[in-house]
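One structure is given here, and the rest of the page talks about it.
Values in this text are rule-based calculations from the coordinates and carry no lab data. Owing to the predicted nature of the structure, the values given are computational and were not obtained by experimental measurement. Glycine also receives a Cβ, built like all others from the backbone with ideal geometry; neighbour counts cover every protein chain displayed.
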Amino acid sequence: MATVRPFKPVSLGISRQHYFSSCRPGLVCRALNGKRTDPSRNPRRKEVSSSFEFDVYATSDLHTDYPDNFEWVENLCGEKYQNDVLLVAGDISDDLRIIRKTLASLVSKFKHVAFVPGNHELWVRGAAKDATVRNENATNSMDKLAAVLDACDDLGVIIHPQKIGNLWVVPILSWHHKSFDTEPGIPDVPRASKLTISDYRCCKWAETGSEEPPLGSKSIATHLDSLNDDSWIQAAEGCDVITFSHFLPRQELLPEKRFLYYPNVAKAIGSVPLRKRLKRINPNIHVFGHSHFGWDSTLDDGVRYVQCPLCYPGERTARARSIALLSPLDRFAGQWGGQANGVKEAEWLPAVIYSSQDNSRTQVNGAATREGVKKDESDSELAESISSTQPNAASSGSMESPQSVNGRDSGDVGFSGRPRLPAWDDWLSGERDRQLGSLDVKSLHRGAMVNGARPVKGARPLNGVMHTWHAAWSDYYKTRKRDPSNKELASWVSERWRQKTMRRNEKKRRKEQKRTVEKNGKLK
């Protein structure tokens, strides 16, 4: 009987030496015995100039396997973003053909595109013939990672820390593990296994002949984190820093388990090594993905955390409110981008999160513009322009309630949930008026941080300008304390589990009935 060796992570193949030596210095340092070469050797890399002003846009979870999502990418304006940067926080596809096609489209529309792989990119699945094409002969997830990074390099996509002007854009490789989840579990919920977590079925980590690591092992997360490059950190002193990863660095960025259709998804959502890395870097903004919730909040570490997912087409229809983002002006004006056409087109994406300089660029109704409101326009004039867009009671009635979508409970196709917010009309008449009374309208138009965040000791100083957004779940936790000890399932979650239990019991009953009939037939 063959001896199965203990788990050893697959290394980044020596056959990729030229690629990694010219493109990924952080990986070279570890994968090739510390050998480091000049990254400028890569002739395909775009020149990065510091003489232009730019906006940084973000999105994640494009899932362009779906035709509607790929159509959304293709329909992005080819001229609007020619001076700007796009961050894509993982999950384009597990098919390398689609990854190349999607990134090529994005590269044609933005001056710079930066990408970090998510969990889908590392899947190795499919029938033998299809898998060869889909995975470009990769037989394990580390080979697949190398192939994805190679595809990015071919297209000139940023996949390593890069300075653009006075801003460092930093992709961070990461992976999830079970021990990330430190909050109490929900009773009687199926455990995280190959039946409930797709990554456990679709990824392969060990060398041939070696034993696969335990499901949800931290060893994978630690190994992938070790591949990141730290050599740039000292050079970033005095600069703005935006990091981005696919997975979550903190559990506070996910709704409580009682709000999730599958509460144990928290065991396959985030990374402790990622959190520790962010603590060392101390970025201004961190962009993440994976959980499929719109998010924009500043936590106690002074870092602003943003998620701008495109998600699956069905999710945008079923639970638009937990995905969509509202600009400050949209929020105070009571406008909602989640109406029928807005949902399909994801009008809030890509979301602008940062501008290189505080100039005439402004954020109006969620879109960055170079014309916008002039600097010398008075606060009173701006306040009047906002007030003129406030809806009356009749007009606001056409909007969706935060507690329903299309007249029924909203829910997530996978991760899901919706916050129990006050009635929309009550919120408009109360919260909006209260906040407008003390609003710095000029700062709002310029996209400054006006969402109640407080300066935190030790936070990195900001040179550029942040553009803030409002999302249902992150706004929910700005006014409510997180209570993971509460294990009472939300109504929409308990109803779903009730229906699943009924279906399971009915299936069991029919199986027993069939068995009884067969037994009686044999007796006769």
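Overview of values
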read-out	value
Dipole of region 64-103 [Lys/Arg +1, Asp/Glu -1 at C-beta], most positive-end residue of Ile92, Leu103, Tyr66	Leu103
In sequence order, calculated HN-Hα J values of region 278-290 (Karplus, 6.51, -1.76, 1.60; Hz; x Gly/Pro)	5, 5, 6, 6, 6, x, 6, 9, 10, 9, 9, x, 6
Amide proton proximity set for Tyr305, modelled H, under 5 Å, gap of 5+	His286, Ser297, Thr298, Leu299
Unit charges on C-beta of K, R, D, E only; dipole of region 128-230, Debye	300
Rounded to the nearest 20 debye, dipole of region 259-330 from Cβ charges on Lys, Arg, Asp, Glu	340
Under the Debye formula (equal points on every Cα, no solvent term), log10 I(q)/I(0) of region 149-191 at q = 0.13 Å⁻¹	-0.57
HN-Hα J in Hz across region 55-64 - Karplus 6.51, -1.76, 1.60, θ = phi - 60°, x for Gly and Pro	10, 10, 10, 9, 7, 7, 6, 6, 6, 7
Overall dimensions of region 109-197 as given by Cα atoms, namely Rg and Dmax in Å	17.5, 52
For region 88-95, Karplus couplings with θ = phi - 60° (6.51, -1.76, 1.60), whole Hz, Gly/Pro x	10, 8, x, 6, 8, 5, 9, 9
Peptides 107-114, 234-241 ordered by average Cβ neighbours within 10 Å, highest first	107-114, 234-241
Cα Rg over Rh - region 210-282, Kirkwood	1.05
Efficiency of FRET between Asn166 and Lys276 - r from beta-carbon atoms, R0 25 angstrom, step 0.05	0.45
Residues with amide H under 5 Å from that of Ala206, placed H, sequence gap 5 or more	none
Amide hydrogen neighbours beyond the local backbone of Ser60, cut-off 5 Å, H modeled	Ala89, Cys308, Leu310
